[in-house]
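Here is the structure we will look at, set down as structure tokens.
The values are calculated or read from the model by the stated rules, or taken from the named source; none is laboratory data. Fair warning: this is a prediction, and the values are worked out from it, not measured in the lab. Cβ atoms come from the backbone with ideal geometry, glycine included; neighbour counts cover every protein chain shown. Quick note on the areas: whole protein, heavy atoms, side chains included, nothing else; ligands and nucleic acids left out. Shrake-Rupley method; radii C 1.70, N 1.55, O 1.52, S 1.80 Å.
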Amino acid sequence: MMPSWSSAQHPPGVVPQHPPPASYAYPPNPAFIPVQVRQGFGPYTTPPPPPPPAYNPYASNAAQAQASAPGTATSAPPAPVEQPKGSKTEWPESVRRYVQRSFHPENDDASVSRAELEAKLKDTIGSAKENNSLYTIDWDSMPLPQALVRADREAQLKLHHHAASLSLTTPVYTDDTFNPRKRKSNDFANNDTSMPPWHSTNSGRSLEDRISYSPDKRAALDDPKSSKFQKEANKRKRRFENEYKAANISSPSPTPPTSGPIVGTSEVLEKKYLRLTAPPVASNVRPERVLRQTLDLLKKKWRKESNYSYICDQFKSMRQDLTVQRIKNEFTVSVYEIHARIALEKGDIGEYNQCQTQLRSLYAMGLKGNPIEFKAYRILYFIHTANRTGLNDTLADLTAAEKEEKPIKHALDVRSTLALGNYHKFFQLYLDTPNMGAYLMDMFVTRERLAALCNICKGYKPDVKLRFITEELGFESDADAAQFIIDYQGQHLLEDRTEYIAFLTGKAGGLFESARASAFKKVDIKGQI
Amino acid sequence: MNDLFKGFAKAHAEQNGYLLAATLSPIASSGNPQRLRLIWKSSHSSSVKGDIKHFIKSNSSHQRSLDHEEVKGWVEVYAAYWNAIGDVVAVEDGKSTWTKVYESWKDVTSALIRGYNNFGFEAWTIPCLYVIGKYLRLFAIRSDTERSRSAGDNSGGAALIQDDFDPETEKQSQLRDCEQHLKRIFTLCLNDRAPLEESRKWGIYFIINLLFKTYFKLNSASLSRTILKTLSAYRGDMPALSAFPKSQRVTFKFYEGVLFFLEENYIEAEKYLVEAWELCHKDANANLERILTYLIPCRLLTTHVLPTKALLEPFPRLQKLFLPLAQCIRKGDLRAFDIALQEGEDEFVKRRIYLTLERGRDIALRNLLRKVFIAGGFDELKEGETTPVRRTRVPVAEFRAAICMGSGGELVDTDEVECLLANMIYKDLMKGYIARERGIVVLSKKGAFPGTGV
């Protein structure tokens, strides 16, 4: 559920007004920090009791409980104190103070929207709780969510290659060294995305401010030859040029590059993933020997508990440790392969893609693993995203011997049957997919069924048996096939004829065409390869 | 160096941009193989700026004198140029790297761009931008090859704080960097607001073509769309494309066509490629070949037209590429088509036409089915009919027999045959419908195979 209140009042990027609008209900009170948070989080049903004018630990306690509740339906939100359901969480005093501090008007940041702030706060506390570090973190020196959001943007700017796909990051920052004044580009959609980042520091900055930003004073020099107009044009040009340069040269790394990869010394098996904002510290990085034990542990845990968010997080920290130590060997391959498979199974396409990208270059280095399996996935994935360039490149990379390997041959056959519209063969291949390819094929099988249905409706008159559809389009049963047709408003095309059910193709007209067109149009690409 | 600035002065006197650009070429001229070395040796890093200033002044003193600011700008450009030449000479002697050359050529680029922005370089000099941009791209490519050969992790500390390795950016990093600088030139030309006669806008298509080449090389052809979008936003202020040199128009049209081709918009692609074909110089065989490489697959899908032998006469490579396929399509020989496609696969994939040509199988199939239809002959004349009507009720079994034969004797089951027939109908290659219960195909009496005369 989305925080309905905050998004309605403050679309991302819109600066909250001061003083707060009337709907905030409670006037700002120096002795009490208005507990606006609770209105921002969906699943909370009972309205909070109006807080008394003095500090009320219960009200703010509830607010924190809400603030840390994960937004997804998969895990139950930690119950607030007055609602003893499930595991009861005691919120340390320091966390409460932190939350208060976050919402204190004095700490408002025009560039960080309310929704972002709440999300960040929820994230920070939630992951601390998950980590059991609620009591260990020094909340009083913890940077405010506003600062964290800004730091994230900064990091995103630097890592913009992966930014789109780091969907599962839950960074907890334990240092407070970053500079909250250093504002970077907005990565979220708002009105000033078209402006260079530094101009949005204060959305109220005037045009003159921006002109005088240009350090190039030659603009003022009198050029006897050019007209006034020309000079103006040049000035503009120069300004653009400066901005352009600044915008395109990624911000310099805050620390000078170190001489080489570090060697980790940490002996801890499990480690929470945090995105690095500074060069790694050896004592926090596990050497390969330890990582191997970690992998065994994770494999066991995955089999036993199947807690994906935990597993994914642990794998990400393993990958990070491998990367910072420049470990590229067969062990690296197996880490990425296992993570890719788990992500695939759980439909986490973002992580899956990141792993695939890595695997591709690791295989290219000649490291052993299961390149055949993963190359086949790659082809299937490109079919899903209808990425012709990707398909073409993949074809170019395959050797003649690889093309004969069963998984790859299967994927290539899938590709060519679809290219030629041979749905008959396609669904035969679908029912006989090696390895975990079916997870990928499931992503586009509906779309291909619609395409086939369009074909059949135009090609066959006056009708066919429903059983024919079931068999041709690889449905489990007639009921499934009928349900599929009904789902696309085709109930009137089904006719019960005692011995069999007929599907009146002749009467379908263009019924499935629009569904087909829209199914082919929207291919959600996450963490593009 | 004196020769260099004689050329410079002459170019300025005549306002001949191409002559001026020639002085900035980082290669030896045919008449003077020692050109670079001579220039490099004729000065020293401590005195080069003074030398250049002297040469510029002494050579152009009797000519229309250059504005003080402009001289300053050109001194910067030629000093950077001299420096870059030093690196080129050093590479030739095996004492430097292309990476260094690229870096110093980037300085020349920046100096030149500054010249336009700050020192009032006039628009007739834009061919300098062409030469600079052209070699910037070439040096970037050489630098990338060089770096990939000297294997190992030479990326900086930035990678250390990433979660994963980033293989892609490491590979063509210089060319990516080059793209940024070409875009600076692009903006420099695009945003000039001087009156058209003296506008840098006239440089726009040359630079766009360079950017297209770069994007294609970077395997991100789709980024070219961004450039086209920017361009169309300025279309009103831009001189018409037809006013630009033919060579630039051909290249531009070609890339526009290929872009559409890659987006599977074959109708648009055909339009642009035909334009490029018609504009292209009749003796520019390499370019004509490039255009045909995409135009032929395009035509195959849009109008189902195959290339004639006469058309391919001057292009042996295209004959090898397309003639075997074309023959199979004509004959409706599915098996031979598959083999020909497989044999040419590497070449087709390399040129990004494989996925398009593959669809030519539909046409081969259509031709095969058409033969079945024609072999079926005519229905008996009914009363009152004078012209014979072809037999339009064809058993699926007949089509199946043909498809099995066409597939080299491989058994294709009836359901698959029906699937192929349904496809033909869906794609409007065949008109009619399948009556599954009766096992026959009912074809249209008028034009069962549209566009083929029956």
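Its relative contact order, with pairs defined as Cα atoms under 8 Å and 6+ residues apart, puts segment B:245-358 at 20 percent. Segment A:381-455 and segment B:2-51 have their alpha-carbon centroids 58 Å apart. Taking 50 Å² as the minimum loss, tell me which residues in segment B:118-140 lose that much accessible area going from the chain by itself to the full protein complex (1.4 Å probe). In segment B:118-140, residues shielded by partner chains: B:Asn118.
Shape class of segment A:439-521 from the Cα gyration tensor (axes a ≥ b ≥ c, square roots of the eigenvalues): oblate, since a/c reaches 1.5 or more and a/b does not exceed b/c.
Summarise the accessible area of chain B (1.4 Å probe, protein heavy atoms) by the percent that is carbon and sulfur.
Details: 10610 of 20490 Å².
Carbon and sulfur: 52 percent of the exposed surface of chain B.
Can you figure out the FRET efficiency of B:Leu311 with B:Leu196, using R₀ = 41 Å and their beta-carbon distance, to the nearest 0.05?
Details: r = 40 Å, r/R0 = 0.97.
Approximately 0.55, to the nearest 0.05.
Averaging the Cα positions of each part gives two centres, and for segment A:470-495 and segment B:289-357 these lie 40 Å apart.
Label-to-label distance for B:Thr452 and B:Arg335 is 2.0 nm, based on points extended 7 Å past Cα in the beta-carbon direction. The order of B:Glu14, B:Glu268 by accessible area, most exposed first and with a 1.4 Å probe, is B:Glu14, B:Glu268. Please report how far the C-alpha centroid of segment B:420-454 lies from that of segment A:304-322, rounded to the nearest whole angstrom. The distance from the Cα centre of segment B:420-454 to that of segment A:304-322 comes to 56 Å. For A:Gln491 and A:Thr446, the difference between the fully extended length at 0.36 nm per residue and the C-alpha to C-alpha distance is 14.4 nm. For segment A:351-479, averaging the sequence separation of C-alpha pairs within contact (under 8 Å, six or more residues apart) and dividing by the residue count gives a relative contact order of 22 percent.
Starting from the Cα gyration tensor of chain B, take the square roots of the eigenvalues, sort them a ≥ b ≥ c, and report rounded, prolate or oblate (rounded when a/c is under 1.5, otherwise prolate if a/b is larger than b/c, else oblate). Walk me through the numbers before you get to the answer.
Numbers: a/c = 3.22, a/b = 2.46, b/c = 1.31.
Cα axes put chain B in the prolate bin.
Which value, in Å², gives the accessible area per residue of segment B:90-133 when a 1.4 Å probe is used on the protein heavy atoms? Numbers along the way, then the final one.
On the way: 1310 Å² over 44 residues.
Value for segment B:90-133: 30 Å² per residue.
Projecting the Cα positions of B:Pro245, B:Tyr272, B:Phe260 onto the charge dipole of segment B:245-358 (unit charges on Cβ atoms of Lys, Arg, Asp and Glu, taken about the Cα centre) puts B:Pro245 furthest along the positive direction. With distances taken between every two different alpha-carbon atoms, segment B:245-358 has a Kirkwood hydrodynamic radius of 14.3 Å. Accessible surface for B:Glu197 stands near 150 Å², nearest 10, in the context of the full protein assembly shown (1.4 Å probe). Residue separation of A:Ala517 and A:Lys300 scaled by 0.36 nm, minus their Cα-Cα distance, works out to 73.7 nm of gained length.
Probing with 1.4 Å while keeping every protein chain in the model, the per residue accessible area of segment B:371-454 equals 53 Å².
Using r as the Cβ-Cβ distance of A:Asp393 and B:Glu383, and R0 as 51 Å, what FRET efficiency do you calculate, to the nearest 0.05?
Values: r = 64 Å, r/R0 = 1.25.
My answer for the efficiency is 0.20.
Sorting B:Asp283, A:Asp463, A:Asp413 by solvent-accessible area of protein heavy atoms yields B:Asp283, A:Asp413, A:Asp463, largest first, with a 1.4 Å probe. Roughly how many percent of the accessible protein surface of segment A:315-401 is carbon and sulfur, given a 1.4 Å probe and a whole-percent answer? Using a 1.4 Å probe with all protein chains present, segment A:315-401 comes out at 52 percent carbon and sulfur. Between A:Leu431, A:Thr417, A:Leu344, the Cα set farthest toward the positive side of the dipole of segment A:313-453 (charges on each charged residue's Cβ, about the Cα centre) is that of A:Thr417. Using a simple spin-label model with pseudo-atoms 7 Å out from Cα toward Cβ, B:Arg390 and B:Lys445 lie 1.5 nm apart.
If you rank B:Met238, B:Met405 by how much accessible surface each has, with a 1.4 Å probe, what is the order from largest down?
Heavy-atom accessible area, descending, gives B:Met405, B:Met238.
Accessible area of B:Lys201 (1.4 Å probe, protein heavy atoms only, ligands and nucleic acids ignored): about 10 Å².
Using a probe of 1.4 Å on the protein chains alone, the accessible area found for A:Ser416 is around 30 Å². Rounded to the nearest 20 debye, the dipole magnitude of segment B:207-358 is 320 debye, with +1 charges on Lys and Arg beta carbons, -1 on Asp and Glu beta carbons, and the Cα centre as origin.
With a/c under 1.5 counting as rounded, go ahead and sort segment A:357-511 into rounded, prolate or oblate using the C-alpha gyration tensor (a ≥ b ≥ c being the square roots of the eigenvalues; past the cut-off, prolate if a/b is larger than b/c, else oblate). Before the final figure, lay out each step's value.
Numbers: a/c = 3.05, a/b = 2.66, b/c = 1.14.
In terms of gyration-tensor shape, prolate.
Given a cut-off of under 8 Å on Cα pairs at least six residues apart, what relative contact order in percent is computed for chain B? Relative contact order here is 8 percent. Taking accessible area as the heavy-atom solvent-accessible surface of the protein chains with a 1.4 Å probe, which residues of segment A:417-458 lose no less than 50 Å² upon going from the isolated chain to the full protein assembly? Those are A:Leu420, A:His424, A:Asn455, A:Lys458, which lose 50 Å² or more relative to the chain on its own. Interface residues of segment A:349-366, defined as those losing at least 50 Å² of solvent-accessible heavy-atom surface relative to the isolated chain (probe radius 1.4 Å), are listed as A:Gln358. Among the DSSP helices (H) of chain B, those spanning at least 30 angstrom by Cα along their long axis with an average Kyte-Doolittle hydropathy of -0.5 or more are B:68-92, B:127-149; this is a geometric and hydropathy rule only. Protein heavy-atom accessible surface, 1.4 Å probe, per residue over segment A:439-521: 46 Å².
Can you tell me the FRET efficiency between A:Ala282 and B:Ser42 if r is taken as the Cβ-Cβ distance and R0 is 41 Å, rounded to the nearest 0.05? Before the final figure, lay out the partial values.
On the way: r = 54 Å, r/R0 = 1.32.
After rounding, the FRET efficiency stands at 0.15.
By the scheme Lys and Arg +1, Asp and Glu -1, what is the net charge of all other residues having a beta-carbon under 9 Å from that of B:Gly332? Walk me through the numbers before you get to the answer.
On the way: positive: B:Arg330, B:Lys331, B:Arg366, B:Arg370, B:Lys371; negative: B:Asp333.
Net local charge, B:Gly332 excluded: +4.
Put simply, chains B and A cover up around 6300 Å² of each other's accessible surface, both sides summed, when a 1.4 Å probe is used.
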